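Colleague: Got a structure for you, questions after.
What follows draws every value from the coordinates through simple rules; no lab data is involved. Everything quoted here is computed from the prediction, not taken from an experiment. For neighbour counting, all protein chains shown are included, and Cβ atoms are generated from backbone atoms with ideal geometry for every residue, glycine included.
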Amino acid sequence: MTASGLIVFLLIGAIAGWLAGLIVRGFGFGLLGNIVVGIIGAFLAGWLLPMVGLVIGGGIIAAIINAMIGAIILLVIIGLIKRA
């Protein structure tokens with residue numbers, strides 16, 4: 001992965017984390033926390049979603065949607081663990 005590819009990946013994760021924080025209201029960690037969760041969720045979605053056969057397609061919009069799905073999953077899991 002090149003440096004520019006990594007920067008794009010981090011930006012996509014940041015956008016996805018912000019959007020996931022808006023969608024999952026009760027489990028958020030603030031703006032910066034949600035951005036970090038979005039970046040981690042992007043890695044999670046990049047690994048998990050193709051394994052279960054869910055591939056949305058190519059392009060930046062599809063990458064943001066995939067990363068947002070991963071961030072939402074991660075926010076919900078962290079929120080449930082945090083409540084327990």
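Colleague: What full-extension length gain, to one decimal in nm, is calculated for L22 and T2 as 0.36 nm per residue of separation minus the Cα-Cα distance?
Modeller: 4.2 nm
Colleague: Moving on to the next point. 7 Å from Cα along Cα→Cβ at both R83 and L54: what's the point-to-point distance in nm?
Modeller: Going from the R83 label point to the L54 one covers 2.0 nm.
Colleague: Kindly list the residues of region 1-37 that lie in the label zone of F43, defined by a backbone N under 13 Å from the point 7 Å along the Cα-to-C-beta vector.
Modeller: Output list for this probe position: 10, 13, 36-37.
Colleague: Between F29 and V76, what length comes free when the chain is fully extended (0.36 nm per residue of separation minus the Cα-Cα distance, one decimal in nm)?
Modeller: Contour length minus the Cα-Cα distance gives 15.8 nm.
Colleague: Another one. How high is the relative contact order of the chain, in percent, counting Cα pairs under 8 Å that sit 6 or more residues apart?
Modeller: The normalised contact order for the chain reaches 38 percent.
Colleague: If you don't mind, another one. Does region 5-84 come out rounded, prolate or oblate, given a ≥ b ≥ c as the square roots of the eigenvalues of its C-alpha gyration tensor, rounded meaning a/c under 1.5 and, failing that, prolate meaning a/b above b/c?
Modeller: Oblate is the answer for region 5-84, as a/c is 1.5 or above yet b/c matches or exceeds a/b.
Colleague: Report, in deg cm²/dmol and to the nearest 500, the calculated mean residue ellipticity at 222 nm for the chain, where each DSSP H run with n ≥ 4 adds -39500 (n - 2.57) and the sum is divided by the residue count.
Modeller: -28500 deg cm²/dmol
Colleague: Helix 30-52: angle to the longest alpha-carbon principal axis of the chain, degrees 0 to 90, nearest 10?
Modeller: Rounded to the nearest ten degrees, it is 60.
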